[in-house]
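A.B. asks: Take a look at this one; I'll ask things after.
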Amino acid sequence: MKSLPDDIVVVGAGGHAKVVIATVREAGGEVVAVFDDDQTRWGQQILGVPVKGPVSAQEIGAAPTIIAIGNNRARQSIAERLQARWVSVCHPNTTIHPSVSIGPGTVVFAGSVIQPDATIGAHSILNTAASVDHDCIVGDFVHIGPGVRLCGGVTVDEGVLLGVGAKVAPNVEIGPWATAGAGAVCVVDVAHDTTVVGVPARSVEAKA
Ligand SMILES: CC(C)(COP(=O)(O)OP(=O)(O)OC[C@H]1O[C@@H](n2cnc3c(N)ncnc32)[C@H](O)[C@@H]1OP(=O)(O)O)[C@@H](O)C(=O)NCCC(=O)NCCS
């Protein structure tokens, strides 16, 4: 992978930004500023990086930029609002097959594994130690939580949240903007905008 720029800007000053900054550094780049609309954070530092604001296209300009916000809708809204130069970052302690494609703005944290012919969209998060097996298709604005396991041929559509430790059986599709709760085991397809929990995962509405 080509080396990362040393003038990256991060949007979002929460805890997720800490991991993004640390990951950028481990991958050989540097973050020069964090932008947030929350004025109470301006003047603070995150891992030594100054927090500024507001988030606006003028201030961020053409800088290489990563959105460090875990909420998928918020990340989408900022990505659509800003005309930035989006960069993706993968921690060096990952195993990513050369056939894998990863979209702009996506972050892959330490310990993750992505197997052959998987595709990962833009502005998505592969959190710590997630695994994505062969031929998976992961859309834009997805958050794959820490320790999630996707078997081969899984499709994760736009905007999905897979909570910490969730597992998805082979060839299952998780529909757009659906959520699988922490520890859920998805063995059948999950419909658009549905929240499922448990083993096997069932929709929250259907539990009663
Ligand atoms: C699934 C989830 C999104 C639901 O949140 P919510 O909409 O606020 O729902 P509630 O907390 O009101 O829970 C609704 C019901 O589902 C149950 N439930 C919630 N999460 C569950 C889970 N992970 N496993 C099993 N049951 C769960 C609740 O006990 C509750 O049951 P009840 O109606 O019998 O009392 C949330 O609990 C969750 O698991 N989030 C994962 C977050 C995560 O891992 N993010 C990664 C960040 S790094």
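Coordinate-derived values only; no laboratory data. Since we're looking at a predicted model, the values are computed, not measured. Cβ sites come from the backbone with ideal geometry, for glycine too, and all protein chains shown count toward neighbours.
A.B. asks: Given the DSSP H assignment, sum -39500 (n - 2.57) over each helix run of at least 4 residues in the chain and divide by its residue total; what's the result at 222 nm in deg cm²/dmol, nearest 500?
C.D. replies: Values: 3 runs with 26 residues, N = 208.
Dividing the helical sum by the residues of the chain leaves -3500 deg cm²/dmol.
A.B. asks: Could you tell me which of rounded, prolate or oblate describes segment 98-160, using a ≥ b ≥ c as the square roots of the eigenvalues of the alpha-carbon gyration tensor, with rounded for a/c under 1.5 and, failing that, prolate when a/b is larger than b/c and oblate otherwise?
C.D. replies: Because its axes are fairly even, with a/c under 1.5, segment 98-160 counts as rounded.
A.B. asks: Within a Cβ distance under 14 Å of Glu30, other residues only, what is the Lys/Arg minus Asp/Glu net charge?
C.D. replies: Working: positive: Arg25; negative: Asp6, Asp7, Glu26.
Here the charged neighbours net out to -2.
A.B. asks: At most 16 other Cβ atoms within 10 Å plus a DSSP loop assignment makes a site exposed; report the longest stretch of the chain without any exposed GluC sites (Glu not before Pro). Before the final figure, lay out each step's value.
C.D. replies: Values: sites that count: Glu30, Glu205.
With a cap of 16 other Cβ atoms within 10 Å, the longest stretch comes to 31-204.
A.B. asks: Let me know the shape class of segment 8-86, please: from the alpha-carbon gyration tensor, a ≥ b ≥ c as square roots of the eigenvalues, rounded when a/c is under 1.5, otherwise prolate if a/b is greater than b/c, or oblate.
C.D. replies: Working: a/c = 1.33, a/b = 1.17, b/c = 1.13.
Because its axes are fairly even, with a/c under 1.5, segment 8-86 counts as rounded.
A.B. asks: May I pose another question? For the ranges 195-202, 41-48, what's the packing order if you count other beta-carbon atoms within 10 Å of each residue, average per peptide, and put the highest first? Walk me through the numbers on the way to the answer.
C.D. replies: Values: 195-202: 17.0, 41-48: 14.1.
Put in order of decreasing packing, that is 195-202, 41-48.
A.B. asks: Could you identify which residue out of Thr95, Thr119, Thr106 has the top mean-square fluctuation in a GNM of the chain using Cα springs shorter than 10 Å?
C.D. replies: Top of the fluctuation ranking is Thr95.
A.B. asks: Right, next: Taking H placed 1.01 Å from N in the peptide plane, check which residues at least 5 places from Arg85 or on another chain put their amide H under 5 Å from its amide H.
C.D. replies: Ala63, Thr65
A.B. asks: Expressed as an acute angle from 0 to 90° and rounded to the nearest 10, what is the orientation of the C-alpha long axis of helix 15-26 relative to the principal long axis of the chain?
C.D. replies: 80
A.B. asks: Please give me the summed charge of the neighbours of Val168: other residues whose Cβ is under 15 Å from its Cβ, Lys and Arg +1, Asp and Glu -1. Present the calculation step by step, with values, prior to reporting the outcome.
C.D. replies: Numbers: positive: Arg149, Lys167, Arg202; negative: Asp133, Asp135, Asp157, Glu173, Asp189.
Here the charged neighbours net out to -2.
A.B. asks: If the only charges are +1 at each Lys and Arg Cβ and -1 at each Asp and Glu Cβ, what is the size of the charge dipole of the chain around the Cα centre, to the nearest 20 debye?
C.D. replies: Values: 13 positive and 19 negative charges, 84 e Å.
Using only the charged Cβ atoms, the result is roughly 400 debye.
A.B. asks: Charges on Cβ only, +1 for Lys and Arg, -1 for Asp and Glu, centred on the Cα centroid of the chain; of Leu162, Gly15, Val185, which one is farthest towards the dipole's positive end?
C.D. replies: Of the candidates, Gly15 comes out farthest on the positive side.
A.B. asks: Using only the Cα atoms of segment 153-192, build the gyration tensor, take square roots of its eigenvalues as a ≥ b ≥ c, and label the shape rounded, prolate or oblate: rounded if a/c is under 1.5, else prolate if a/b is larger than b/c, else oblate. Please list the in-between numbers first.
C.D. replies: Numbers: a/c = 1.76, a/b = 1.07, b/c = 1.64.
Oblate is the answer for segment 153-192, as a/c is 1.5 or above yet b/c matches or exceeds a/b.
A.B. asks: Summing +1 for each Lys or Arg and -1 for each Asp or Glu, what net charge is found among the other residues whose Cβ lies under 11 Å from the Cβ of Gly139?
C.D. replies: Details: positive: none; negative: Asp140, Asp157, Glu158, Glu173.
That works out to -4.
A.B. asks: Antiparallel DSSP bridges in the chain: what percent, to the nearest 5? Show your work: numbers first, answer last.
C.D. replies: Working: 4 of 46 bridges.
Antiparallel bridges: around 10 percent, rounded to the nearest 5.
A.B. asks: Let me ask something else about it. Quick check for me: using +1 on Lys/Arg Cβ and -1 on Asp/Glu Cβ, what's the dipole size of segment 141-208 about its Cα centre, in debye to the nearest 20? Mind dumping the intermediate values first?
C.D. replies: Working: 4 positive and 6 negative charges, 69 e Å.
The dipole of segment 141-208 has a size of about 340 debye.
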